[in-house]
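Right, one structure below, let's go through it.
Every number here is computed from the coordinates shown, using simple stated rules; none is lab data. What you are looking at is a predicted structure, and each value in this text was computed from that prediction instead of being measured. With ideal geometry, Cβ positions are generated from the backbone for all residues, glycine too; neighbour counts draw on all protein chains shown.
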Amino acid sequence: MSKNTKSAPKVLDPFQAWCHRWGRVGTVIALIYMVALPFIVLGSFNSIPAFGEVFNITTFGLLIIYIAVGISEALSYIPIMGSSAYLGFITGNIMNLKVPVAINAIKTANQEPSTPAGDAVAAIGIAVSSIVTIIILAITALLSSQLSFLYDIPAFRTASDYLIPALFGSMTLGLFASTSSGSKVVKNGIMGVVPVIIIVSLITLGARIMGGTEASTAIMGLVGPIIVVMLPVAILSSWIMFKKGIIKVVDNDKK
Amino acid sequence: MATMKDIATSPLLLVLVAIGLAYIVAFSVVYLMKAYRRALELGVTKEDLMRVIKTSAVSTIVPAISIAIGLFALIGSLGTIWSWWRLSVIGSLSYETLFSGNIAKVLGYMSSAEMMDTASGREFGIIMILMSVGMLSGFLILIPFGKKYATSVDKSQADSNPWKMVFSGCFMLCLLAVYVPILLFGDTIQAAVMLTGLVVALILSILAQKPKLAWLNDFIMAISMIAGMASAQLWTNIFG
C-alpha cells in the first residue's frame, strides 16, 4: 500500500543522465590530473615541499579563500548550470564567464533553466565558451612577450580592474528576465531576496562609514562566504512569502 | 637546488599543461556534440542552436580578453605557464589574482617580483599545491551531490509543485542580491561602472524591441559590458 502512494523515482532526460554519469567520470579524471601535475613536476626537480610547509597557519588564510569560494560556487551555481555544471566547474571562471553564458544561451534559445532543453543549450553555451577561452588564453600565453605592453597602458589596466561591476551591470536585466520566461512565471520573486539586499547593503554601508572605501571594497573578497550565509536566508524568506501568497507562480499571460 | 624560475619555465611543465588543456578541449567537444544532438531531439531548431553557438562565442570574447589581460598580471608573480594553466582550468581571474597578490607576503617576500627572482623550487611547490588543492572544495559537493542537487530544482515539475520554480529562481536572485549592494555601496567608481553597463543594456534592449534591430539582442551583454569597462577610466578621472 505504502509503495503505491510513494512517488515514482524521477527518470532523468538521457542527456542529463549522460552528464551525471560520464560528465562526473570525466571531471574526476581531470581532477586527478590537476592534483597530480604539480607533484610530477616538483618530483622531477626534487622540490616537493613537506606537508607542514604547505598546510600551516600562514597559508590557511589563503586556503580558506579557495575553500569558501569553492563551496559557495557549488551551492550557488549547480542549480543554475544544471547538468553542465561538471564542464563549467572544470573549466573555471564560473561567475565572470560560464554562468552569464549559460543564462544567455538559455535566453537566446527561448528555453527555461533547469529543464532538459534548457540544460542542453546551457551545455552548448558553456562548451563553446570553454573552447573559445582556451584558444584565446593559449594565443595570449604564446604571444605574452609581444603583448606585455598592453598591460602598461593605464586605461587598459583600469578597465580590466572593473570587470565584475561591468559584468553585473550588463547581466542584471537578464537575471531579472530569466525568472519570467516560459509558460509559467514567478511573480514578485525579487521580494524573497529583499532581506538579503537589506542585510548586505547595511554591512557594506557600515564598513564604508567605519573604515572608508578600503574596508567596503574589501567585502568583495568575502563575497563567497556571504553568499553561503545569505542563500538560506533567501530560501527561507522566499518560502515564507510563497506561503503567504506574496510570491506566486502564475501563467505567463496572467502576468 | 632548483629555483622557482627553473620550474616555472620548465619544458616538462609546458608539456603537462598542454596535455591537460588538450583533455579539457576534448571534454568540451564531447559535451558540445552530445548537447547539440539532444537539443535537436527536444525540438530546439538548428537556427536557434546556431544562434546559441554564435552568441556564446561572441559574448565569451570580451570576458576572455579580460582574463587574458589578467594573465599578464599573474605572469609577474607565477610565470607564464602556470598562470595560463590556472586561468584555463578551474581557476577564476578574481580569486587567482587575489591569491597571487597575497602569496608573496605569506612566503615572506616584499613583492611578487622579488619572489619570482629569488624563491626556491620548494616554495613554488607550496604555491602550486595550495592552488591545486584549494579549489577542490567545490568538487566535494559537485561530485557526490551534483546529480541530486541539480535535479532537485528541475522546473519540469513546476506545474505540480510551484514552490520548485520559486526555489530554482532563489539562487540567481540571491547572487544578484549579494553582488549588487556591494558594488553599489562599496565604491563610487564600481557603482558608476555597474550603472553604466546597466543603462547601456537597458537602452540596447529597448532598441532591440524594434524589428529591424532585433539582432542587437545577441550582443546586449557583450556591448554593455565593454561600455561599462570602457567607462572605468572616465569614472576614475572624476571620482578617483
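A few points about this structure:
- Kirkwood-based shape ratio for the range A:183-255, expressed as Rg/Rh from alpha carbons: 1.15
- Centroid-to-centroid separation of the range B:56-91 and the range B:11-32 [C-alpha atoms, Å]: 15 Å
- Nearest 10 degrees, 0 to 90: helix A:223-243 Cα axis against chain A principal axis: 0 degrees
- Neighbouring partner chain Cβ atoms per residue of B:48-54, average, 10 Å criterion: 6
- Backbone N under 14 Å from the residue B:47 label point (7 Å along Cα→Cβ), restricted to the range A:101-139: A:109-110
- Average projection area in nm² (convex hull over Cα atoms of the protein assembly as shown, one quarter of hull surface): 24.9 nm²
- Residue exposure sequence - B:21, B:14 - by fewest surrounding Cβ within 10 Å: B:14, B:21
- Order of B:28, B:10, B:88 - criterion: other Cβ atoms within 10 Å of each residue's Cβ, fewest first: B:10, B:28, B:88
- Ranked packing of A:188-197, B:192-201, A:159-168, A:234-243, most packed first, by mean Cβ within 10 Å: A:159-168, B:192-201, A:188-197, A:234-243
- Rg and Dmax of the range A:52-155, both derived from C-alpha coordinates alone, stand at 17.5, 52 Å.
- With a Förster radius of 25 Å applied to the C-beta separation of residue B:238 and residue A:218, the computed FRET efficiency comes to 0.65.
- Structure-based [θ]222 nm, the protein assembly as shown - -39500 (n - 2.57) summed over DSSP H runs of at least 4, per residue, nearest 500: -24500 deg cm²/dmol
- Net charge, residue B:124 excluded, C-beta distance under 14 Å - Lys, Arg +1, Asp, Glu -1: -2
- Across B:131, B:165, B:229, mean-square fluctuation computed from a Gaussian network of chain B (C-alpha pairs under 10 Å connected) peaks at B:165.
- Pairwise Cα distances in chain B exceed 24 Å in 65 percent of cases.
- By the rule of a C-alpha distance below 14 Å, with chain neighbours fewer than 8 residues away ignored, the aspartates and glutamates paired with residue B:147 are A:13, A:119.
- Under the criterion of Cα pairs below 8 Å and six or more residues apart, the relative contact order for chain A equals 20 percent.
- Neighbourhood net charge (10 Å Cβ-Cβ; Lys/Arg +1, Asp/Glu -1) for residue A:47: -1
- Every Cα-Cα pair of chain A was included, and the share exceeding 29 Å stands at 48 percent.
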